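The values are calculated or read from the model by the stated rules, or taken from the named source; none is laboratory data. Quick caveat, the model's predicted, so the values are computed rather than measured. Here Cβ is always computed from backbone atoms with ideal geometry, including for glycine, and neighbour counts include all displayed protein chains. For accessibility, only protein heavy atoms count, side chains too; no ligands or nucleic acids. Shrake-Rupley method; radii C 1.70, N 1.55, O 1.52, S 1.80 Å.
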Amino acid sequence: MAQNVSRKTISEFVITGFDHFEKPMILGIVILTVYILVMLGNLTNICFIIMDKRLHQPMYLFICNLAIADMLYCTCSCPTMIRNLLVGFKTISYASCMTQLCVFSLGFIMEVFTISVMAFDRLLAIIKPLRYHSILTNVRSIILTFLLWILGSVTIAVVPGTVLPLPVCYTTLTFLFCDYGSVVRATCVDPNPYFDLMAIVSFFLLFGTFSFIFGSYIMIIVVVFKMTSKGSKKKVFNTCFSHLIVVVCYYSPTFIITILTRSGVVLTIEERNGFRICTILGPSLVNPFIYSFSTKEIRNKILRIMSKVGPTKE
């Protein structure tokens, strides 16, 4: 049992979120494998886009930004889970825990921000096809990306701003890594007001960005209905298909958890942790492969490389 201690004496936390898993080694291997695939897939997309000047366009710049956000989101959480499961190393220093908490929050915010701006990019390409490249230039896309990172950094200021001043009373974190809920529960104060505050922030982030994306696609649908050419409609579908899959992968798990908890369904710690792992790794794994195989330019580049390294005929 965690003991009451003064914050000044706390130098590290003990993460116990995996203590109830019957086969931690298997879970650790699965998380490690998926994490490696996430990193390789996203790095591959970034390298292809950087090296090919033909891909230096706003859409691909946003794909790069989403890949960076995915890698940041996974890297600040997965190594802690992997070493806990595979090595049995459960401790994390106070400073590292606070850093992980802030970086994890920033990664999440940048994912939803980037997906939203990608919806705007698709909307602009469809409703203003002739002026698209003059309105959304590469320079403007880079500036917009930097502004998103600044906005994301300002937004997450609420996380350290509310957590750091709190006195810590417990050394045990009952979740998978240092997220907001586990750290607040380790403090000496009533956590409910802080949970309510974070619920409000999360609501505006999730439902605000989702509403923007939904509104963008409503406008796209209106434009599609006015089209008479089946070829034009098919082109719009191909343009939006990969982004739609990414939107579903990112928002569905979070909405499912929200609906389940708000409807009175009580989830066990194992179930909550399982959902959490899926929400972190699932979208980040799907994203690079979706864009690799759904985007013609990247897909063709992969196929050319595979044909070169394939077996040669005698």
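Here the Gaussian network model covers the chain, with springs between Cα atoms less than 10 Å apart; of Gly181, Gly107, Gly231, Gly231 fluctuates the most.
Placing unit charges on C-beta atoms (Lys and Arg positive, Asp and Glu negative, everything else neutral), compute the dipole magnitude of the chain about its Cα centre in debye, rounded to 20. Provide the component values of the computation, followed by the final result.
Details: 26 positive and 14 negative charges, 308 e Å.
I would put it at about 1480 debye.
Backbone phi angles across region 182-195, fed through the Karplus curve with coefficients 6.51, -1.76 and 1.60 (θ = phi - 60°), yield HN-Hα couplings of 5, 6, 4, 5, 8, 8, 8, 9, 5, x, 4, x, 6, 5 Hz in residue order; Gly and Pro are listed as x.
Between Met51 and Ser232, the distance separating the two model label sites (each 7 Å from Cα on the Cα→Cβ line) works out to 3.9 nm.
Between Thr239, Thr44, Thr268, the Gaussian network model of the chain with springs among Cα atoms under 10 angstrom shows the greatest mean-square fluctuation at Thr268. The accessible surface of the chain, taken with every protein chain in place and a 1.4 Å probe, is 70 percent carbon and sulfur. Place a label point 7 angstrom from the Cα of Cys188 along the Cα-to-Cβ direction, then list the residues of region 11-33 whose backbone nitrogen is under 17 Å away. Zone members listed by number: 11-12.
I'd like the FRET efficiency for Phe241 and Ile127, computed as 1/(1 + (r/R0)^6) with the beta carbon distance as r and R0 of 25 Å, rounded to 0.05.
Given R0 = 25 Å and the Cβ-Cβ separation, E is 0.90.
Counting only residues at least eight positions apart within a chain, or on another chain, the aspartates and glutamates with an alpha carbon under 12 Å from that of Lys53 are Glu297.
Dipole check for region 19-98: with +1 at the C-beta of Lys and Arg, -1 at the C-beta of Asp and Glu, and the Cα centre as origin, the magnitude is about 140 Debye. For the chain, the mean residue ellipticity at 222 nm estimated from helices alone is -25000 deg cm²/dmol, where every DSSP H run of n ≥ 4 contributes -39500 (n - 2.57) and the total is divided by all residues, rounded to the nearest 500. Calculated FRET efficiency, Val139 and Lys23, Cβ-Cβ r, R0 51 Å, to nearest 0.05? That gives a FRET efficiency of 0.50. Amide H contacts for Leu173 (H built 1.01 Å from N in the peptide plane; partners 5 or more residues away or on another chain; cut-off under 5 Å): Val14, Ile15, Thr16.
Which of the three applies to region 166-208, rounded, prolate or oblate, going by the alpha-carbon gyration tensor with a ≥ b ≥ c and a/c under 1.5 meaning rounded? Mind dumping the intermediate values first?
Numbers: a/c = 3.78, a/b = 1.79, b/c = 2.12.
Oblate shape, in that a/c is at least 1.5 and b/c is the bigger or equal ratio.
Using only side-chain charges placed at the Cβ, +1 for Lys and Arg and -1 for Asp and Glu, the dipole size of region 131-278 relative to its Cα centre rounds to 1060 debye. Remark: the chain carries 53 Å² of accessible area per residue (probe radius 1.4 Å; ligands, DNA and RNA excluded).
One entry in (1) 32, 56, 11, 1; (2) 28, 53, 17, 1; (3) 33, 53, 14, 0 is P(r) over Cα pairs in 20 Å bins from 0, in percent calculated from the shown coordinates; its label is (2).
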